[in-house]
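Data first, discussion second: the structure below is written as structure tokens.
The values are calculated or read from the model by the stated rules, or taken from the named source; none is laboratory data. Note that the coordinates shown come from a computational prediction; the quantities given were computed from them, not determined experimentally. Cβ atoms come from the backbone with ideal geometry, glycine included; neighbour counts cover every protein chain shown.
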Amino acid sequence: WHPDADALTVQRLKAAGAIVIGKTNVPLGLTDWQSYNEIYGTTNNPWDVSRTPGGSSGGAAAALAAGYVALELGSDIGGSLRAPAHYCGVFSHKPSLDLVPQRGSGPPQTPAIPGRGDLAVTGPMARSAADLALELAVVAGPDELMDGIGYKLALPPPRHDKLADFRVLVIDKHPLCPTAVNVSAALDGLADRLGKLGCTFLRTSPKMPDLARTTRNYVELLAASLGADTSPEDRLRIEAAAQALSPDDLSLQAALLRGQTMSHAAWIRTSGIRGGLRAAWQALFGDVDVLLCPPMPTVAFRHDHSSPQRARQLDIDGNMFPYFDQLAWAGIATPNGLPATTMPIGRSDSGLPIGVQIIGGFLQDHTTIVFAEMVEREFGGFTPPPI
């Protein structure tokens with residue numbers, strides 16, 4: 001199947017002079033942090049071919065890290081821009097919700113019509129923060145067939161032009177999923193270096209919203225979105241499993257089950273809770289300029305194509321956890337529509353890249369990208385893998 005027209009973002013890139021050389025690999029259904037399928041096979045991580053490059057935009061991150069291309073375009077609903085950048089040691093930017101139009105970015109054979117997003121976004125990937133800004137400037141802005149009829153884009157400038165002026169909140173622990181020691185250590189090291197440069201950096205804030213509640217709310221909404229096309233037979237099975245849950249089960253696995261078959265009325269209530277949480281997160285960014293946290297709980301993990309996906313386990317420092325607990329760190333920026341720039345900040349003892357997620361207030365996309373650019377200038381950024 002071939003679409004009748006390019007996605008709007010691709011049209012804009014071509015109009016700006018970009019040369020599109022191809023499409024990169026993604027997981028089946030865009031629902032994995034690995035990029036493999038029966039048609040195009042398995043994409044490997046250029047730093048260690050026994051490991052995943054991430055997903056959904058894993059092929060994009062691998063192509064960037066390996067030097068095939070200078071710019072890429074990906075999407076993100078559950079870390080699909082952030083995880084691949086973290087795993088492959090490159091840069092990505094998850095834009096504020098609806099900053100980049102998604103017309104033509106849907107699944108095959110779906111109509112390319114304008115519309116608003118609920119969780120998913122489309123955004124740039126590159127090997128430097130400056131290139132993220134370059135690509136974002138091309139693809140951002142309202143769809144000419146919808147909001148563009150009456151609106152023009154006018155993003156605010158970066159909050160600061162000196163690294164020492166930034167107010168930085170650092171979080172490396174999540175109540176619903178542990179963070180690997182090497183990932184936490186890299187983030188702590190960055191925080192220490194920023195502090196020595198004069199940044200005001202905090203480990204907590206009285207305005208910090210409930211992280212566990214935010215993440216559970218996000219996972220329920222995500223599951224509702226991804227479960228929209230569930231077959232009647234699977235829906236009955238999932239409903240039975242959800243009804244068997246204890247009301248006290250507040251795990252992410254329980255949130256996934258509850259969300260997959262929620263009614264429209266339940267979705268409205270859950271989305272209403274999201275609205276309150278969004279306001280709380282936006283208030284936090286009145287006191288801080290950026291929030292730093294891990295993009296994912298571990299470095300790139302080894303290929304695991306076992307089925308069913310829900311039965312997979314993730315090794316975090318020798319302890320096993322449910323595979324989908326990895327959604328935890330995607331649950332700040334995604335449900336709140338916030339911008340999140342991911343950049344490399346170090347490597348593990350085994351040489352695997354470690355990144356940081358830089359989150360800002362709504363439509364403060366220039367702030368997170370410029371912060372990344374300053375960190376890159378001060379401490380370094382992308383280095384090519386030894387291939």
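When every residue of the stretch 1-9 is checked against the conditions, at least one turns out to be among the aromatic types (Phe, Trp, Tyr) and not assigned by TED's automatic domain parsing to the domain that holds residue 356.
Close Cβ contacts (under 6 Å, 6 or more residues apart or on different chains) running from residues in the stretch 373-386 that are under 15 Å from residue 65 (Cβ atoms) and touching a residue at least 12 places away in the same chain (Cβ under 8 Å) to residues that are surrounded by 13 or more Cβ atoms within 10 Å (Cβ to Cβ) and of a type in the set (Lys, Arg) comprise 382/127.
Residue check: residue 299 meets all listed conditions (1) of a type in the set (Val, Ile, Thr); (2) part of a loop (DSSP other than H, G, I, E, B); (3) surrounded by fewer than 22 Cβ atoms within 10 Å (Cβ to Cβ); (4) touching a residue at least 40 places away in the same chain (Cβ under 8 Å) but one, namely (3). Given the criteria under 28 Å from residue 260 (Cβ atoms), modelled with pLDDT of 95 or more and in a loop (DSSP other than H, G, I, E, B), does residue 56 qualify? Yes. Determine whether residue 223 is in contact with a strand residue (DSSP E or B) (Cβ under 9 Å, 6 or more places away or on another chain) and either under 27 Å from residue 274 (Cβ atoms) or of a type in the set (Asp, Glu) (or both). Against the criterion (in contact with a strand residue (DSSP E or B) (Cβ under 9 Å, 6 or more places away or on another chain) and either under 27 Å from residue 274 (Cβ atoms) or of a type in the set (Asp, Glu) (or both)), residue 223 does not qualify. In the condition set (1) loosely packed, with under 13 Cβ neighbours inside 10 Å; (2) part of a loop (DSSP other than H, G, I, E, B); (3) under 18 Å from the mean Cα position of the chain (by Cα), residue 24 is compliant with all but (1). Only a single criterion out of (1) over 16 Å from the mean Cα position of the chain (by Cα); (2) over 30 Å from residue 204 (Cα atoms); (3) not in a loop (DSSP other than H, G, I, E, B) is not satisfied by residue 113, namely (3). Inside the stretch 142-176, residues that are surrounded by 17 or more Cβ atoms within 10 Å (Cβ to Cβ) and among the acidic types (Asp, Glu) make up a count of 2.
Collect the residues in the stretch 302-344 that are out of contact with any Pro (no Cβ under 9 Å at 6 or more places or on another chain) and among the aromatic types (Phe, Trp, Tyr), keeping them in residue-number order. Listed by number, the residues that qualify are 323, 324.
Residue-by-condition table, conditions (1) among the acidic types (Asp, Glu); (2) over 26 Å from residue 313 (Cβ atoms); (3) more than 21 Å from the chain's Cα centre (by Cα):
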residue: 250; (1), (2), (3): no, no, yes
residue: 253; (1), (2), (3): no, no, no
residue: 259; (1), (2), (3): no, no, no
residue: 263; (1), (2), (3): no, yes, yes
residue: 273; (1), (2), (3): no, yes, yes
residue: 277; (1), (2), (3): no, yes, no
residue: 280; (1), (2), (3): no, yes, no
residue: 283; (1), (2), (3): no, yes, yes
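Among the residues of the stretch 266-292, those identified as farther than 12 Å from residue 209 by Cβ, in contact with a Lys or Arg (Cβ under 9 Å, 6 or more places away or on another chain) and of a type in the set (A, V, I, L, M, F, W, C) are 266, 288, 290.
Every residue, every condition in (1) in a loop (DSSP other than H, G, I, E, B); (2) outside the structural domain of residue 205 (by TED's automatic domain parsing), yes or no:
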position: 242; (1), (2): no, yes
position: 255; (1), (2): no, yes
position: 259; (1), (2): no, yes
position: 262; (1), (2): yes, yes
position: 295; (1), (2): yes, no
position: 342; (1), (2): no, no
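Give the stretch 222-234 a look and list any residue that's touching a residue at least 60 places away in the same chain (Cβ under 8 Å) and crowded, with 22+ Cβ neighbours inside 10 Å, or say none. 222 - this is the single residue of the stretch 222-234 that is touching a residue at least 60 places away in the same chain (Cβ under 8 Å) and crowded, with 22+ Cβ neighbours inside 10 Å.
Given the structure, is residue 362 in the same structural domain as residue 85 (by TED's automatic domain parsing), surrounded by 18 or more Cβ atoms within 10 Å (Cβ to Cβ) and either at pLDDT 95 or above or among the basic types (Lys, Arg) (or both)? The answer is no for residue 362. Could you please let me know if residue 147 is touching a residue at least 60 places away in the same chain (Cβ under 8 Å) and not aromatic (Phe, Trp, Tyr)? It is false that residue 147 is touching a residue at least 60 places away in the same chain (Cβ under 8 Å) and not aromatic (Phe, Trp, Tyr).
Restricting to the stretch 317-340, name every residue that is under 15 Å from residue 183 (Cα atoms) and either outside any helix (DSSP H, G or I) or assigned by TED's automatic domain parsing to the domain that holds residue 256 (or both). Hits for the stretch 317-340 are 317, 318.
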